[in-house]
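Here is the structure we will look at.
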Amino acid sequence: YTIEVVRCEATGVCATVTAGPSNVGMEMIKSKPMQKDYAFVGKVAHPVTGEIYDSKIIMAGSNSWHLNGCTSSGACASGDFIRVK
């Protein structure tokens with residue numbers, strides 16, 4: 001999946017699926033991320049399934065973010081997002 005991340009009015013940051021086998025055009029950020037300690041927390045849609053996860057977003061490096069979280073039904077997932085230049 002390719003995700004375009006930009007600043008936006010609605011949540012402060014928008015992450016839109018721009019390429020992949022499904023959900024192209026889907027907005028992944030579903031709530032305004034709030035800073036908590038060294039991370040941001042908020043609701044993020046999974047790019048494959050569209051399920052909403054209560055997620056923690058951590059900057060893993062200058063060009064990468066690590067996300068982990070769980071749905072309200074207890075399904076959990078994690079993954080890394082790497083900047084494409």
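The values are calculated or read from the model by the stated rules, or taken from the named source; none is laboratory data. Because the structure is a prediction, the values reported are computed rather than measured. So basically every Cβ, Gly included, is an ideal-geometry build from the backbone, and we count neighbours across all protein chains shown. Protein only, heavy atoms only, side chains kept; ligands, DNA and RNA dropped before computing areas. Shrake-Rupley method; radii C 1.70, N 1.55, O 1.52, S 1.80 Å.
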Going through region 39-65 one residue at a time, which ones are over 19 Å from GLY12 (Cβ atoms) and either among the hydrophobic types (A, V, I, L, M, F, W, C) or assigned to a strand (DSSP E or B) (or both)?
VAL48, ALA60, GLY61, SER64
Those residues of region 18-38 which are part of a strand (DSSP E or B) and either in contact with a strand residue (DSSP E or B) (Cβ under 6 Å, 6 or more places away or on another chain) or basic (Lys, Arg) (or both) amount to THR18, ALA19, GLU27, ILE29, MET34, LYS36
All conditions in (1) of a type in the set (A, V, I, L, M, F, W, C); (2) part of a loop (DSSP other than H, G, I, E, B); (3) touching a Ser or Thr at 6+ places or on another chain (Cβ under 9 Å) are true of CYS8 except (3)
Number of positions in region 47-64 that are within 14 Å of PHE81 (Cβ to Cβ) and in contact (Cβ under 8 Å) with a residue 12 or more places away in the chain:
10
Applying the selection to region 1-15, what residues are among the polar types (S, T, N, Q) and open to solvent by 40 Å² or more (accessible area, probe 1.4 Å)?
THR2
Restricting the first residue to region 67-81 and requiring it to be at negative phi, which pairs with a second residue that is surrounded by 12 or more Cβ atoms within 10 Å (Cβ to Cβ) and part of a loop (DSSP other than H, G, I, E, B) meet a Cβ separation below 6 Å and a spacing of at least six or different chains?
THR71/GLU51
Identify the residue in region 28-85 that is surrounded by 13 or more Cβ atoms within 10 Å (Cβ to Cβ) and among the polar types (S, T, N, Q) and, among all such residues, is modelled with the lowest pLDDT.
THR49
